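Quick note: the coordinates plus some simple rules give every number you see, no bench work behind them. Just so it is clear, the structure is predicted and the values come from calculations on it, not from any experiment. Here Cβ is always computed from backbone atoms with ideal geometry, including for glycine, and neighbour counts include all displayed protein chains.
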Amino acid sequence: MPVLEGTLAAGGHRFAVVASRFNDTIVRRLVDGATDAFRRAGVPDEHVTVVWVPGAFELPVAAKRLAESGHYAAVLLLGCVIRGATAHFDYVAGQAAAGAQRVAVDTGVPVLFGVLTTDTIEQALERSGTKAGNKGADTALAAVEMATLMPQLS
């Protein structure tokens, strides 16, 4: 029985990181975690492009443009949406996730969703480099794995 899976050896793959400026303090930590993880996987800095957008809602449209360019093996979306007293959280988080999935399916380029969706700022801090690790780093490693898996699926 054939088993296909990616590896964490990035080879010559290029990656794009689309990051939201909203909740910048948290998101910069996610970006730092992602770029560090790429380096540990052997991805040179010049093979990682970081694009900043205003908020999480804008992540998918930038991801679509990057995925369609043909320059990147995977696109990461990094952001942080913290629940507030209104339904805004549900709309932004849900549409960012749905947009990421749509871009991946429509383009065939892996789009990895590293957007934190938390109830509190404390939870966001935990997931961006303290108690719960760094979800930006986790997302980058998943991107490397998907980039190395996709050619096997042809």
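Annotations for the structure displayed:
- Filtered GluC sites (Glu not before Pro), region 2-101: DSSP coil and at most 12 other beta carbons within 10 Å: 5
- Label-to-label distance, residue 68 versus residue 122, with points set 7 angstrom from Cα along the beta-carbon direction: 4.4 nm.
- Taking 0.36 nm per residue of sequence separation and removing the Cα-Cα distance, the residue 49/residue 105 pair yields an extension gain of 18.0 nm.
- Along principal axes, Cα extents of region 20-135, largest first, whole Å: 41, 30, 19
- Helix-derived mean residue ellipticity, 222 nm - over the chain, DSSP H n ≥ 4, -39500 (n - 2.57), to 500: -14500 deg cm²/dmol
- Each Lys or Arg adds one and each Asp or Glu takes one away; over the other residues whose Cβ falls under 15 Å from the Cβ of residue 137, this sums to +2.
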